[in-house]
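Trainee: Dropping the structure in here first, questions after.
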Amino acid sequence: MATTLTKEAAEVLGSASYEGAAGDPLTVLQKTKPSPTPTTTPPTTTPPTSPSPKPTATPTTSPTTKAPSPTATTTPPATKGEIADGTLGWGVKQSFRAYVVGPVAQGKVTVSAGATQAAGNGAFTFTDATGTYDTAADTLKAGFKGAVNFKGHEENGKYGLDLTLTDLKATLTDGTGELSADVTSLGERSQDVVVAELKAKSPDLTAKNDVITVNDVSATLTEAGAKAFGDFYPAGTALDPVAVSVALTDGADLPAGTGGSTGSGTTGGSGTTRSTTGGVGSTIGGGSLASTGSDVPVAALGTAAGVAVAAGAGIVLALRRRATTVE
């Protein structure tokens, strides 16, 4: 192939007179892929051979095109981060729910602010979880929206029992942790009360389909929780088990229902206030609390426990006295 020297070639050769001059003819030989040797053989004796290294650039680009492939495969799932959503299922204590709506307290249970209650005076579900998780370290910190209120022993528009739980938080580290809540009792509010000590069946936190679920977590009433509950139950009392489900991504599907809490049933409408009210003849589990007595809160019975269970009057009197003391 005929060649003609360019202006750039003339500058490289050191004389403007070379511009437009005929160069030596150029011969290109195409072989199979292992052709780097022909491109390196031309000596540097003639300027036209200087463009010849260009073909060597094409083989060098092929390795760079393969570079992204290792990064595409190294996308393991995240082991820690922010919680996208979640629910906490907890019934507080079945006997307490039964007592509130039973023939002695003749009260009601009301959920609000996003919490729901299962049918038949069942357990509660608190929603819209926020917090953090770390499956490698087996740690979970989650807060939940929703409120539940227990009222009973009404007289002239005033209640001897008026207890509200809200802003629940659950923490777990290697299978153990705490359940805290803001507690309002007879108008007196206490924030971040550690209500119960938690213990899961397994220390491991494992995500499946971007959801961490821990069911049947045992809950034991603490000293602070006993005081917040007005000493209805002593510290160390077993409360209803806790179930926690948290979504790690926005698209993850949370399991339905309250999980490991006692008193399951169809969950009530979310976001609206609904209540369970009991009358004189209310029964839970086939028997009236007024006749069983064993599940009635201890402090509410006072010293005349046996008579109070049968008649109910002793409980009302004890609660009135405590309400007067608090006020």
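The values are calculated or read from the model by the stated rules, or taken from the named source; none is laboratory data. These figures come from a predicted structure and were not determined experimentally. Heads up, the Cβs are rebuilt from the backbone with ideal geometry, glycines too, and the neighbour counts pull from every protein chain shown.
Trainee: If only one of Thr166, Thr130, Thr176, Thr171 is buried (at least 17 other Cβ atoms within 10 Å of the Cβ), closer than 30 Å to Thr79 by Cβ and β-branched (Val, Ile, Thr), which one is it? Give the steps one after another, and end with the answer.
Mentor: Numbers: Thr166 fails: closer than 30 Å to Thr79 by Cβ; Thr130 fails: buried (at least 17 other Cβ atoms within 10 Å of the Cβ); Thr176 fails: buried (at least 17 other Cβ atoms within 10 Å of the Cβ).
Being buried (at least 17 other Cβ atoms within 10 Å of the Cβ), closer than 30 Å to Thr79 by Cβ and β-branched (Val, Ile, Thr) holds for just one of Thr166, Thr130, Thr176, Thr171, which is Thr171.
Trainee: Go over the candidates Ala207, Ala200, Ala219, Ala243 one by one and state the one that is out of contact with any Ser or Thr (no Cβ under 9 Å at 6 or more places or on another chain), closer than 22 Å to Ala129 by Cβ and touching a residue at least 12 places away in the same chain (Cβ under 8 Å). Even if it seems obvious, please write down each step before you answer.
Mentor: Numbers: Ala207 fails: out of contact with any Ser or Thr (no Cβ under 9 Å at 6 or more places or on another chain); Ala200 fails: out of contact with any Ser or Thr (no Cβ under 9 Å at 6 or more places or on another chain); Ala243 fails: out of contact with any Ser or Thr (no Cβ under 9 Å at 6 or more places or on another chain).
It is Ala219.
Trainee: Count, please, the residues in the stretch 197-232 that happen to be in contact with a helix residue (DSSP H, G or I) (Cβ under 6 Å, 6 or more places away or on another chain) and either on the phi < 0 side of the Ramachandran plot or assigned to a strand (DSSP E or B) (or both). Give the steps one after another, and end with the answer.
Mentor: Of the stretch 197-232, the ones in contact with a helix residue (DSSP H, G or I) (Cβ under 6 Å, 6 or more places away or on another chain) are 231-232.
Those still in the list that are either on the phi < 0 side of the Ramachandran plot or assigned to a strand (DSSP E or B) (or both) too: 232.
Number of matching residues: 1.
Trainee: Identify, from the list Leu179, Leu221, Leu165, the residue that is in the same structural domain as Ala98 (by TED's automatic domain parsing) and either within 16 Å of the chain's Cα centre (by Cα) or among the hydroxyl-bearing types (Ser, Thr, Tyr) (or both). Show your work before the answer.
Mentor: On the way: Leu221 fails: either within 16 Å of the chain's Cα centre (by Cα) or among the hydroxyl-bearing types (Ser, Thr, Tyr) (or both); Leu165 fails: either within 16 Å of the chain's Cα centre (by Cα) or among the hydroxyl-bearing types (Ser, Thr, Tyr) (or both).
Leu179 is the lone residue from the list that is in the same structural domain as Ala98 (by TED's automatic domain parsing) and either within 16 Å of the chain's Cα centre (by Cα) or among the hydroxyl-bearing types (Ser, Thr, Tyr) (or both).
Trainee: Please find, within the stretch 136-162, the residue that is nearest to the chain's Cα centre (by Cα) out of those that are within 16 Å of Gln117 (Cα to Cα) and crowded, with 23+ Cβ neighbours inside 10 Å. So that I can check it myself, show each step before the final result.
Mentor: So in the stretch 136-162, the residues within 16 Å of Gln117 (Cα to Cα) come out as 144-151.
Okay, now just the ones that are also crowded, with 23+ Cβ neighbours inside 10 Å, so 144, 146, 148, 150.
Values: Phe144: 9, Gly146: 15, Val148: 20, Phe150: 26 Å.
Result: Phe144.
Trainee: Answer yes or no: is there a residue in the stretch 88-103 that is farther than 22 Å from Ala238 by Cβ, surrounded by fewer than 23 Cβ atoms within 10 Å (Cβ to Cβ) and modelled with pLDDT of 95 or more. Give the derivation first.
Mentor: Applying the first criterion (farther than 22 Å from Ala238 by Cβ) to the stretch 88-103 yields 103.
Checking which are surrounded by fewer than 23 Cβ atoms within 10 Å (Cβ to Cβ) leaves us with 103.
Filter once more, so that each one left must be modelled with pLDDT of 95 or more: 103.
Within the stretch 88-103, one or more residues are farther than 22 Å from Ala238 by Cβ, surrounded by fewer than 23 Cβ atoms within 10 Å (Cβ to Cβ) and modelled with pLDDT of 95 or more.
Trainee: Of the residues Val211, Val183, which single one is under 20 Å from Ala147 (Cα atoms), surrounded by 13 or more Cβ atoms within 10 Å (Cβ to Cβ) and among the hydrophobic types (A, V, I, L, M, F, W, C)? Step through it out loud before you land on a result.
Mentor: On the way: Val211 fails: under 20 Å from Ala147 (Cα atoms).
Of the residues listed, the single one that is under 20 Å from Ala147 (Cα atoms), surrounded by 13 or more Cβ atoms within 10 Å (Cβ to Cβ) and among the hydrophobic types (A, V, I, L, M, F, W, C) is Val183.
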